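The values are calculated or read from the model by the stated rules, or taken from the named source; none is laboratory data. No experiment lies behind these values; they were computed from the predicted model shown. Using ideal geometry, Cβ is built from the backbone for each residue, glycine included, and neighbour counts are taken over all protein chains shown. To get the accessible areas, we keep the full protein, side chains included, count just its heavy atoms, and leave off ligands, DNA and RNA. Shrake-Rupley method; radii C 1.70, N 1.55, O 1.52, S 1.80 Å.
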Amino acid sequence: FERDAARLLRAVRLAAELNFVIEPQTEALIRRHAGLIASVPGEKTREELLKVVSLPGTAHRLRYLDELGLLLALFPELAEGKGVEQPQLHFWDVFNHSLETVAAIEFLTREHAWEYGNEGILACAPWSEAMEKHLSREISTGSNGKIMLKLGGLFHDVAKPRKKTVDGTGRAHFYGHAREGADMTVALLKRLRFSKREIDLVESLVYYHLRPMQMAKEEMPTPRAIYRYFRDTADAGSDILILALADYLASRGPLLEREDWEERCRLINYILAEHDAQQAKVQLEKLIDGHDLINVFGLAPGPLIGELLELVREAQASGEVGDREGALALVRKKLSSRGGSRIISRNRG
């Protein structure tokens with residue numbers, strides 16, 4: 001371990017792959033030298049960590065890494081969540097909630113059983129061959145969507161301890177923890193030399209993990225809200241929906257009420273179904289293109305063309321326009337009211 005500290009993490013990985021246990025004296029040596037893992041080059045740590053997270057039962061192995069002192073040596077940011085209590089909705093503190101979120105992700109993705117889950121709970125949760133294929137997509141060398149989703153679950157509340165406030169009634173709040181958590185996650189993944197594509201995906205998972213449940217209050221979200229959600233989250237949209245459900249399961253744990261759970265599943269299934277319908281509608285027929293905007297309105301090529309076409313796609317997907325005439329009328333109205341100024345901002349937040 002002193003000659004090659006990467007062996008600290010490799011020991012856990014090999015035991016997991018071979019279904020072996022690490023004998024007590026070696027465990028004691030790992031605990032003694034756990035701090036050395038921070039000196040290992042990031043790319044080597046990333047490689048071993050991805051192999052551990054790729055195996056079913058990741059949440060159990062993350063707990064084992066914590067028992068050995070390796071998890072917090074790798075990610076000291078997670079230590080801040082230990083003992084940080086949450087509102088009554090939550091069964092666990094921030095740290096344990098994060099680990100249970102990983103376990104719930106494995107449960108919802110049909111990868112591993114969960115202590116607090118059963119077939120009845122799983123029955124109403126979204127799943128399909130298309131979802132399995134999406135989560136199995138390669139993100140970078142050694143990683144896929146499912147692995148990145150687990151890491152998103154581990155880090156989704158990493159900033160909660162720093163953002164915790166308590167109001168006059170004694171209720172805790174964590175305003176802004178998703179935004180700050182995304183920034184913290186980027187920093188810690190860069191430290192381990194994750195690829196840009198991996199970092200961008202996990203950043204989106206953390207940043208947007210609250211949004212699915214915020215889209216609807218007493219009613220289902222509007223078609224426009226769903227369109228904008230997938231526009232903003234891009235390739236991570238479906239992944240975030242799974243994370244949102246896992247987040248809720250890991251909040252309630254043994255206190256989960258079936259009716260509340262089914263209501264959340266209905267919301268997520270509705271969002272997915274509406275998105276599929278919108279995609280089919282937009283892909284079936286392109287109402288106008290950039291040449292139309294240049295020829296009809298005399299616009300010069302530039303960013304405004306893309307913004308106007310996006311405006312039309314959104315209106316088409318949400319059912320507000322359905323033909324060429326309607327699309328041109330929408331563009332004419334926007335140009336008239338905005339004077340050709342910037343219409344859409346894609347900037348996060």
What's the number of the only condition in (1) among the small types (Gly, Ala, Ser); (2) farther than 24 Å from residue 37 by Cβ; (3) open to solvent by 10 Å² or more (accessible area, probe 1.4 Å) that residue 182 fails to meet? (3)
Among (1) under 19 Å from the mean Cα position of the chain (by Cα); (2) buried (at least 22 other Cβ atoms within 10 Å of the Cβ), where does residue 71 come up short? (1)
Select from region 3-18 the residues that are under 29 Å from the mean Cα position of the chain (by Cα) and not hydrophobic (A, V, I, L, M, F, W, C) and write down the one among them that is most open to solvent (accessible area, probe 1.4 Å). 17
Residue in region 164-173 that is touching a strand residue (DSSP E or B) at 6+ places or on another chain (Cβ under 8 Å), farther than 23 Å from residue 237 by Cβ, in a loop (DSSP other than H, G, I, E, B) and open to solvent by 10 Å² or more (accessible area, probe 1.4 Å) present: yes
Run down 84, 102 and say which single residue is of a type in the set (A, V, I, L, M, F, W, C), closer than 25 Å to residue 191 by Cβ and touching a Leu at 6+ places or on another chain (Cβ under 7 Å). 102
Check region 326-347 and report whether any residue there is open to solvent by less than 30 Å² (accessible area, probe 1.4 Å), within 17 Å of residue 232 (Cβ to Cβ) and either modelled with pLDDT of 85 or more or touching a Phe, Trp or Tyr at 6+ places or on another chain (Cβ under 9 Å) (or both). no
Extreme residue, modelled with the lowest pLDDT, among residues of region 278-304 that are open to solvent by less than 20 Å² (accessible area, probe 1.4 Å) and within 33 Å of the chain's Cα centre (by Cα): 287
Give region 199-229 a look and list any residue that's in contact (Cβ under 8 Å) with a residue 12 or more places away in the chain, in a helix (DSSP H, G or I), open to solvent by 20 Å² or more (accessible area, probe 1.4 Å) and not acidic (Asp, Glu), or say none. 204, 207, 211, 213, 223, 224, 227, 228
Scan (1) acidic (Asp, Glu); (2) touching a residue at least 40 places away in the same chain (Cβ under 8 Å); (3) surrounded by fewer than 16 Cβ atoms within 10 Å (Cβ to Cβ) for the single condition residue 80 breaks and write down its number. (3)
Evaluate region 85-107: report whether one residue or more is part of a loop (DSSP other than H, G, I, E, B), closer than 17 Å to residue 255 by Cα, charged (D, E, K, R) and at pLDDT 95 or above. yes
Any residue in region 240-250 that is open to solvent by 40 Å² or more (accessible area, probe 1.4 Å), at pLDDT 90 or above and under 28 Å from the mean Cα position of the chain (by Cα)? no
Open to solvent by 30 Å² or more (accessible area, probe 1.4 Å), in a helix (DSSP H, G or I), in contact (Cβ under 8 Å) with a residue 12 or more places away in the chain and among the β-branched types (Val, Ile, Thr): does that describe residue 26? yes
Right, residue 115: part of a helix (DSSP H, G or I) and of a type in the set (Asp, Glu) or not? no
Region 89-115, subset of a type in the set (Asp, Glu) and out of contact with any Lys or Arg (no Cβ under 8 Å at 6 or more places or on another chain), residue surrounded by the fewest Cβ atoms within 10 Å (Cβ to Cβ): 115
For region 280-307, enumerate the residues that are among the charged types (D, E, K, R) and not in a helix (DSSP H, G or I). 285, 286, 289
Collect the residues in region 116-140 that are surrounded by fewer than 16 Cβ atoms within 10 Å (Cβ to Cβ), at pLDDT 95 or above and farther than 17 Å from residue 269 by Cα, keeping them in residue-number order. 133, 136, 137, 138
If the Cβ limit is 8 Å and pairs must be 6+ apart or interchain, which residue in region 255-271 that is over 11 Å from residue 245 (Cβ atoms) pairs with which residue that is open to solvent by 40 Å² or more (accessible area, probe 1.4 Å) and of a type in the set (A, V, I, L, M, F, W, C)? 255/91; 270/220
